[in-house]
Amino acid sequence: MRSFARIAVLAGSAAFTIAALALEPDLPDGEFPVSGYRFMGPQVQQLQDDDFLNPGWFAVEFGAELWQEKAGDRNLSCQSCHGDASESMRGVAARYPQYDEHRTGLINLEGRINEMRSRYMNAAEYPLESEQLLAITAYVTHQANGSPMNVDITGKAAPYWQQGRDLYTRRQGQLDLACSQCHDERAGLMLRGDRISQGHVNGFPVYRLIWRSMGSRHRMFRWCNWAVRAEPHELGSDEYLSLELYLAWRGRGLPIESPAVRP
Amino acid sequence: MSRRRVLKAMAGGVGTVATLSVVPVRSVSAVPGIPYWMTDLVVARLGSTELAEGRVILDLPSRADTGLSVPLTVSVPDSPMTDEDHVRSLHVMTTRNPQPLVTDYYFTPASGRAQVSQRIRIARTQYIYCFALMSDGSRWMTARHVSVSLGACADEIFLPDARDAARDQR
Amino acid sequence: MSEIRIRKSVPGSVRRGEVFEIKTLIAHPMDNGFMYTRGGVRIQRQIIHRFEAVYNGKTIFQADWHVAVSTNPFISFFAVAAESGMIEFRWYDDNGEVYTDSAEILVT
């Protein structure tokens, strides 16, 4: 309740209000985990469901082209080693992020793909949040469509999971709100024009209408950090990798949805 | 044609019903008169603001999930779309978007059916109008009210998220 | 994406005289000129302001688009099957470029 009062104080200047609207009858209540898809209105759901309208397909199609594009000193493409992605990449995205012995740290799908470029292909890594990286990630993720998220948080991954959980539950920013206060306690309520979902990562990289483009999980975290006037971390930072691991675990069992569209 | 209602735009503020009923209307129409500043836009497209209400169907959700992508379908289902009798054009306008024009559609008999669907941006809760010009020179109109839940800070939908623009981060 | 991506849907074959639906989608930001970058710089208006469908050389449908048309403009409209041939689509960008694509149609 404390944070509600705080938000009300800031409302006028910051254009940031939580309207405590009653849950709509068709919204999931008491169910967990529930995909962000089910918190969207039917007009936005249609954008995801209709293959013709879904702009995420442009990214997946571009990713399919990149999969076959030869690059680097060795003139290799992803396909040269992995062949048909629908076989070799099936379900892979559902297991990321994961602990990587090589890096002695966490690696997410974007990181793995870039590692392929630098280590195996001798090609330049794609910049984070570039059209290319989002597209190839969306393409690989699409091969896991329907696979339940299932990350490993045991062994060396355990401390990262712990760090992610701390980040998720820690109050932060001028609004002094933790991720959990929106995505666990207020899921289903309206925040400005957005209906707060349970904050799952099963659709990423998603096409977000307000971005007018695809965006990664880390870009979403930055957006949420800004929303509470907290200083965001860097894309690809250890903090976000831990948060990503925690969220993937938190939503374990939720099927990967790709390409997903969000408002 | 006894229910035909001729509307004439008169100078008046947005939201005032600026209509001139030539034939007495039985029930109060749900279609508001067009705002005075829209008259030039209408005249430029239809030649006049002598408009009858009806024939045009504007299909739009009464509540938009997001103002960024609102499904819109406009049609004149009763037009045979023949050489002698077809819809020449349909024009969609808004009252409270930063700019009133949305789309202008131009048909030919080869269009077969006067029906178009698109996705449009609606900045805030407001009326959307659709005007039709027929091959016989007659003009028709309709309007629908749309509410947008992204209302608290409606301008924001016409801004990118100011705190986040990936193109600046790279 | 440097290259413009287009999606289209036209039935492969239709009977003469039949009215059929055509759908197209083009990847385009439709910058409406009201937006600013994070640095506060206004993003110039750049939209596709006209769309045309040309059936065997004859313009059968045209749309003028304004800034209220959503990003990645989608359109669905209709045509009457006359002769087998080509339906060409043209999108006119504010920057002067014209993007084109076409679909074959078989009239039986």
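The values are calculated or read from the model by the stated rules, or taken from the named source; none is laboratory data. The model shown is predicted, which means the values in this text are computed figures rather than measured ones. Note that we place each Cβ from the backbone using ideal geometry, even for glycine, and neighbour counts take in every protein chain shown. The accessibility values were calculated without ligands, DNA or RNA, using every heavy atom of the protein model including side chains. Shrake-Rupley method; radii C 1.70, N 1.55, O 1.52, S 1.80 Å.
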Ranked by how many other beta carbons lie within 10 Å on average, peptides A:112-120, A:200-208, B:78-86 from highest:
A:200-208, A:112-120, B:78-86
So, over other residues within a Cβ distance under 12 Å of C:THR108, counting Lys, Arg +1 and Asp, Glu -1, the net charge is 0
Please list A:SER147, B:SER111 in order of solvent-accessible area, largest first, computed with a 1.4 Å probe with all protein chains present.
A:SER147, B:SER111
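Under DSSP H, which helices of chain A have Cα atoms covering 27 Å or more of the helix axis and a Kyte-Doolittle average no less than -1.0?
On the way: long enough: none.
Taking the DSSP H segments of chain A (at least 27 Å long, mean hydropathy at least -1.0), we get none.
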Leaving ligands, DNA and RNA out of it, work out the accessible area of A:ILE107 with a 1.4 Å probe and give it in Å² to the nearest 10.
0
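Whenever you get a sec, line up A:ASP152, A:ASP73 from highest to lowest accessible area (probe 1.4 Å, protein heavy atoms). List each step's numbers first, then the result.
Numbers: A:ASP152 85, A:ASP73 130 Å².
Greatest to least solvent exposure: A:ASP73, A:ASP152.
Could you calculate the contour length gain from A:ARG170 to A:ASP29, that is, 0.36 nm times the residue separation minus the distance between their Cα atoms, to one decimal place in nm?
Numbers: separation 141, 0.36 × 141 = 50.76 nm, distance 2.45 nm.
Stretched out fully, the A:ARG170 to A:ASP29 stretch lengthens by 48.3 nm.
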So what's the gap between the Cα centers of segment A:164-199 and segment A:49-66, to the nearest angstrom?
30
Just the accessible area for A:TRP226, please: 1.4 Å probe, Å², rounded to the nearest 10?
30
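Taking both sides together, what accessible area is buried at the B/C interface, probe 1.4 Å, expressed in Å² and rounded to the nearest 100? It would help to have the intermediate numbers written out before the result.
On the way: alone 9640 and 6750 Å², together 13510 Å².
Buried surface at the B/C interface: approximately 2900 Å².
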Per-residue accessible area for A:ASP184 at 1.4 Å probe radius, Å² rounded to 10?
80
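Ignoring ligands, DNA and RNA, what accessible area per residue does the protein assembly as shown give at 1.4 Å, in Å²? It would help to have the intermediate numbers written out before the result.
Working: 23010 Å² over 541 residues.
Here the per-residue accessible area is 43 Å².
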Roughly how many percent of the accessible protein surface of the protein assembly as shown is carbon and sulfur, given a 1.4 Å probe and a whole-percent answer?
50
If you keep only loop residues by DSSP, which GluC sites (Glu not before Pro) in segment C:1-58 have at most 15 other Cβ atoms within 10 Å of their Cβ?
C:GLU3, C:GLU18
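What 222 nm value per residue comes from the helices of the protein assembly as shown, counting each DSSP H run with n ≥ 4 as -39,500 (n - 2.57) and dividing by all residues, nearest 500 deg cm²/dmol? Can you show the working numbers first?
Numbers: 13 runs with 115 residues, N = 541.
After summing the helix terms and dividing by the residues of the protein assembly as shown, the value is -6000 deg cm²/dmol.
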At a cut-off of 50 Å², which residues of segment C:29-48 become less accessible once all protein chains are present than in their chain alone, using a 1.4 Å probe?
C:PHE34, C:MET35, C:ARG38
About its Cα centre, how strong a charge dipole does segment A:162-263 have in debye, to the nearest 20, once Lys and Arg get +1 and Asp and Glu get -1 at the Cβ?
340
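Need one number: % antiparallel among DSSP beta bridges in segment A:157-263, to the nearest 5.
On the way: 6 of 8 bridges.
Antiparallel bridges make up about 75 percent of those DSSP assigns within segment A:157-263.
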When A and C pair up, the total accessible heavy-atom area removed from solvent (1.4 Å probe), in Å² to nearest 100, is 1400
Run the dipole for chain C about the Cα centre, Lys and Arg Cβ at +1, Asp and Glu Cβ at -1, nothing else charged, and hand back the magnitude in debye, nearest 20.
260
For the A:THR104, C:GLN44 Cβ pair and Förster radius 35 Å, calculated FRET efficiency rounded to 0.05 is 0.15
May I ask which residue of A:SER35, A:ASN122, A:GLY63 lies farthest towards the positive end of the charge dipole of chain A, with charges of +1 (Lys, Arg) and -1 (Asp, Glu) on Cβ and the Cα centre as origin?
A:SER35
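Provide the buried accessible surface between chains B and A in square angstrom, both chains summed, 1.4 Å probe, rounded to the nearest 100.
Numbers: alone 9640 and 12810 Å², together 20410 Å².
About 2000 Å² of accessible surface is lost on pairing.
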Is the shape of the protein assembly as shown rounded, prolate or oblate, going by the alpha carbon gyration tensor and its root eigenvalues a ≥ b ≥ c, with a/c under 1.5 for rounded and a/b larger than b/c for prolate?
oblate
